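Remarks on the structure that follows.
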Amino acid sequence: MISFTGMGRLASIAVIAGSVMLGAVSAKAQDVPAEHLQAARDAISALGVTNRFDTILPNIMDRLTAQLIQAYPNLQDIISVKVEEEALKLAARRADLEREAALVYAKAFTAEELNQITAFYGSEAGKKLLKDGPIATRELLKAADIWTAGIARDLEQQANAALLAQVQAEQPAAAEAPQP
């Protein structure tokens, strides 16, 4: 028989803590006008800022499935089905993250700024920037590395040449000076 009493207590604590935190978030969300939050949601959608979090629940589900199968290999089929069922029930909580993201953006930007962000990143140029911007940044960093290496090499060569010239210019003067 599988005993999940420790996990049950942990889940209860998580639910209570989540309820307390959700109450605090709801109070904060009430401070932001609905149209401001909608502008934030639109900007988040145009930017795709929460897309990278889409894999969190599937990854957790896979890890938990593997962990439970390792502990209870004879229950592999049941574990896979039950973990997937429970994960599907939790998928609706993805909306909580969207609300949090909207609140964060609403606190950081005015509604007008969010509308401008949405307009730009919803445009073809904005979509292209989101798609190709990381590639351009990576290429720029490569170019900056090459440029830095060239500047360092040239500075070293020029500083050494200038120092050598200075030392050579001072040596004949020192040789001509009378000895005491």
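The values are calculated or read from the model by the stated rules, or taken from the named source; none is laboratory data. Because the structure is a prediction, the values reported are computed rather than measured. For neighbour counting, all protein chains shown are included, and Cβ atoms are generated from backbone atoms with ideal geometry for every residue, glycine included. Only protein heavy atoms, including side chains, enter the accessible area calculation; ligands, DNA and RNA are left aside. Shrake-Rupley method; radii C 1.70, N 1.55, O 1.52, S 1.80 Å.
Stretching the chain fully between residue 56 and residue 141 yields a gain of 27.7 nm (0.36 nm per residue, less the alpha carbon separation).
Of the accessible area of segment 26-146, computed with a 1.4 Å probe over protein heavy atoms only, carbon and sulfur atoms account for 60 percent.
Computed FRET efficiency, Cβ-Cβ of residue 155 and residue 132, R0 25 Å: what is it to the nearest 0.05? Please list the in-between numbers first.
Values: r = 33 Å, r/R0 = 1.34.
Once the sixth-power term is evaluated, E becomes 0.15.
In terms of its C-alpha gyration tensor, segment 76-145 has an oblate overall shape, because the principal axis ratio a/c (a ≥ b ≥ c, square roots of the eigenvalues) is not below 1.5 and a/b does not outweigh b/c. Taking a ≥ b ≥ c as the square roots of the eigenvalues of the Cα gyration tensor, an a/c ratio of 1.5 or more together with a/b no larger than b/c marks segment 104-144 as oblate.
The simple Förster model, with R0 at 35 Å and r as the Cβ-Cβ distance, assigns residue 49 and residue 77 a FRET efficiency of 0.40. For residue 145, what is the net charge nearby, where nearby means another residue's Cβ is under 12 Å from its Cβ and Lys, Arg count +1, Asp, Glu -1? Cβ neighbours under 12 Å give a net charge of +1.
About its Cα centre, segment 120-175 has a charge dipole of approximately 400 debye under the convention of +1 per Lys or Arg Cβ and -1 per Asp or Glu Cβ, with nothing else charged.
Efficiency by 1/(1 + (r/R0)^6): what FRET value for residue 67 and residue 95, r their Cβ-Cβ distance, R0 = 45 Å, to the nearest 0.05?
For residue 67 and residue 95, the calculated efficiency is 0.95.
Any idea what the dipole of segment 50-159 comes to, in debye rounded to 20, about its Cα centre with Lys/Arg Cβ at +1 and Asp/Glu Cβ at -1? Please list the in-between numbers first.
Numbers: 14 positive and 17 negative charges, 13 e Å.
For segment 50-159, the charge dipole is close to 60 debye.
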